[in-house]
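To keep things clear, I will list the structure first and then write my remarks on it.
Please treat every number below as a calculation from the coordinates, not as lab data. Every value quoted in this text rests on a predicted model; they were computed, and no experiment measured them. With ideal geometry, Cβ positions are generated from the backbone for all residues, glycine too; neighbour counts draw on all protein chains shown.
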Amino acid sequence: MIADNIHQIEVALTAFPQTVRLVAVTKTKPVAMLAEAYAAGSRIFGENKVQEMAEKQPQLPQDIQWHLIGHLQSNKVKYIAPFVSLIHSVDSLKLLQEINKQAAKHNRVIDCLLQIHIAEEETKFGLSAEEARELLHSADVQQLSHIRITGLMGMATNTDDETQIRKEFQGLKQLFDQLGEFRSDNVVFSELSMGMSGDYLIAAEEGSTLVRVGSAIFGNRSYT
Ligand SMILES: *Cc1c(COP(=O)(O)O)cnc(C)c1O
């Protein structure tokens, strides 16, 4: 079943002009299910908790790209710095500086996305457009040689209103295009992470390059 779901989504994603990569969101799922997704061809796994990701990573093949998609606390960066391939959820200078510091210890450059607040809900993390612009242009960020900011991430409002979801994705794509005009040694925009199980096709239509899909692959998520 997992394999069928992955194949269906992968086929659907080939319909778009841009390359859209599937991040299989594996949070709360046992390692056996991740192994099943791997056998079906998945190579990008998304987790939202540091400890869970750090526990699963050594138990699975080493060619998996691990993406951290949930809120990240600075004091936990060290646990994922040796292997994480993309952090979707960067929302402060302090966090970028800590990622840079930990990446340097491992002689790595860690790719990061700035998380933008696009939903109506108050509770979701993320930067405003203006905060993201300031961060990108700041001299503090330009000094960080062990991180690379490769784009933006956003989560649409949790609603059935497709028009609203589409509008929010369009807004994020517009910001991506604007901010992407700024380039420096460690700012090179190529990735736009938007779309989940309920809205990944809308997101892909609006220009997403990474969709983060959990329940449509693994079944309904168990909230913990
Ligand atoms: C859980 C989660 C997803 C996947 O959600 P589904 O609706 O199960 O596809 C995507 N992005 C983030 C940030 C998540 O926490």
TODO: Counting helices only, and only those DSSP H runs with n ≥ 4, report the 222 nm mean residue ellipticity of the chain as the sum of -39,500 (n - 2.57) divided by its residues, in deg cm²/dmol to the nearest 500.
DONE: -10500 deg cm²/dmol
TODO: Under 1.5 on a/c is rounded, so check that first for segment 40-166, then, if it is not, pick prolate when a/b is larger than b/c and oblate when it is not; a ≥ b ≥ c are the square roots of the alpha carbon gyration tensor eigenvalues.
DONE: oblate
Open item on the list: If I stretch the segment between Q62 and E122 completely, what's the gain in nm (0.36 nm per residue apart, minus their alpha carbon distance), one decimal?
Closed with: 17.8 nm
Open item on the list: Amide H of V25 versus every other amide H placed in the peptide plane: which residues, excluding those fewer than 5 positions away on the same chain, fall under 5 Å?
Closed with: G46, V213, G214
TODO: May I have the extent of the alpha carbons of segment 65-112 along their three principal axes, as whole Å values ordered from largest to smallest?
DONE: 23, 23, 16
- [ ] Counting only C-alpha contacts under 8 Å and six or more residues apart, can you give the relative contact order of the chain as a whole percent?
- [x] 20 percent
Open item on the list: Per-residue counts of other Cβ atoms within 10 Å, averaged by peptide: what ranking do you get for 1-13, 97-109, highest first?
Closed with: 97-109, 1-13
Task: In range of the label at R133: residues from segment 176-205 whose backbone nitrogen is under 11 Å from the point 7 Å along Cα→Cβ - done: 178-179
Task: Stretchable slack from K101 to T163, in nm (0.36 nm times residue separation minus alpha-carbon distance) - done: 18.1 nm
Task: Förster-model FRET efficiency, 35 Å R0, Q8 and Q174, C-beta, rounded to 0.05 - done: 0.70
Open item on the list: Can you give the Rg/Rh ratio of the chain, where Rg is from the C-alpha atoms and Rh is the Kirkwood radius?
Closed with: 0.94
- [ ] Anything over 20 Å Cα to Cα? Flag those among K56/K101; K29/K78; K56/K105; K27/K167; K49/K78, in the order listed.
- [x] K56/K101; K29/K78; K56/K105; K27/K167
Task: At q = 0.17, 0.29, 0.32 Å⁻¹, base-10 log of I(q)/I(0) for segment 178-224 (Debye sum, equal scatterers on each alpha carbon) - done: -0.61, -1.00, -1.08
